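J.: Encoded as C-alpha cells, here's the structure I'll be asking about.
The values are calculated or read from the model by the stated rules, or taken from the named source; none is laboratory data. A quick note: this is a predicted structure, and the numbers were derived from the prediction, not measured. Methodologically, a virtual Cβ is constructed for each residue, glycine included, from the backbone with ideal geometry; neighbour enumeration extends over all protein chains shown.
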Amino acid sequence: MSKVLLLLQLVLVGCRDAAYRRNLPRANVEFVLALAVRCALAKMVVDQAQILRSALETYATLADDVVQSRAETYRGLVKYAIDEPLETSQVLSSPMFAGIVRCIDYGLARARNALEKSDLQRCEIELEHIHNLPSLLDTTIMKSQGYYLEKQVPFFLDSLEKNYGLSIRKEAIDEFEATWKQMQS
C-alpha cells in the first residue's frame with residue numbers, strides 16, 4: 001500500500017477515535033492533518049511536503065501522550081510518503097477509484113460539518129464510514145470493494161438513521177448514491 005494512502009487511513013482512524021472519545025480539540029487537529037494528506041494524495045498543492053510538515057507540527061503541539069506517539073508514527077510515514085508517486089495503472093482511472101476518492105471527499109466534508117457543530121458522535125459515524133476507503137485505493141486489494149458496498153455502506157446508513165433519524169439517512173443517500181452506483185459498475 002502506498003505510504004500516502006496508509007497515512008490517510010491512519011489519520012482518519014485517529015480522527016474517528018478522537019471523536020469516539022469526545023475529544024474535540026484532538027479531533028480537529030487530526031482532521032486538519034487528514035485534509036493535508038488528502039491534498040497531498042491528489043497532488044492538489046505545489047508544496048505538499050511543506051503542508052504535511054506544517055500539519056504535523058500543529059498536530060505535535062498537543063500535549064497528550066497518545067497524540068505524541070501518533071505524531072511519531074505519522075512523522076515516519078511522512079518521511080517516506082512525500083514525493084512517493086502513486087502507482088500508475090488502469091485502476092487509477094477506473095470508476096471505482098474515482099468513486100472511492102469522491103466518497104472520501106464527501107465524508108471529509110460531512111465530518112468537518114459535524115466537527116464545526118461540535119457533534120462528535122456524527123463525526124465518528126461519518127469517519128467510521130470512510131476510514132477504510134484509502135485501503136481500497138491500493139490497486140492490490142480493489143476486490144474488497146464488494147465488502148464496502150455490501151456491508152459498510154448499510155452499516156453507515158443504519159448508524160445515521162439510528163442516531164439522527166430517517167432524514168439524515170436520506171441526506172446521506174442523496175449525497176453518496178450516484179457515487180455508490182458508479183462504483184458498482
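J.: Looking at segment 20-41, I want the residues that are more than 12 Å from LEU8 (Cβ to Cβ) and have a partner that is crowded, with 22+ Cβ neighbours inside 10 Å and acidic (Asp, Glu) with Cβ atoms under 6 Å, at least 6 apart or on another chain. Which pairs are those?
T.: Taking only residues 6 or more apart or on different chains, the pairs are TYR20/GLU124.
J.: Could you tell me whether TYR164 is under 15 Å from the mean Cα position of the chain (by Cα) and either modelled with pLDDT of 90 or more or farther than 22 Å from ALA27 by Cα (or both)?
T.: Details: under 15 Å from the mean Cα position of the chain (by Cα): no; either modelled with pLDDT of 90 or more or farther than 22 Å from ALA27 by Cα (or both): yes.
When the stated conditions are applied, TYR164 does not pass them.
J.: List the helices (runs of 4 or more DSSP H) inside segment 90-157, counting only whole elements, that have at least 3 residues being modelled with pLDDT of 85 or more and crowded, with 16+ Cβ neighbours inside 10 Å. Please lay out each step first, then the result.
T.: Values: elements: 95-116, 120-130, 133-136.
Output list reads 95-116, 120-130.
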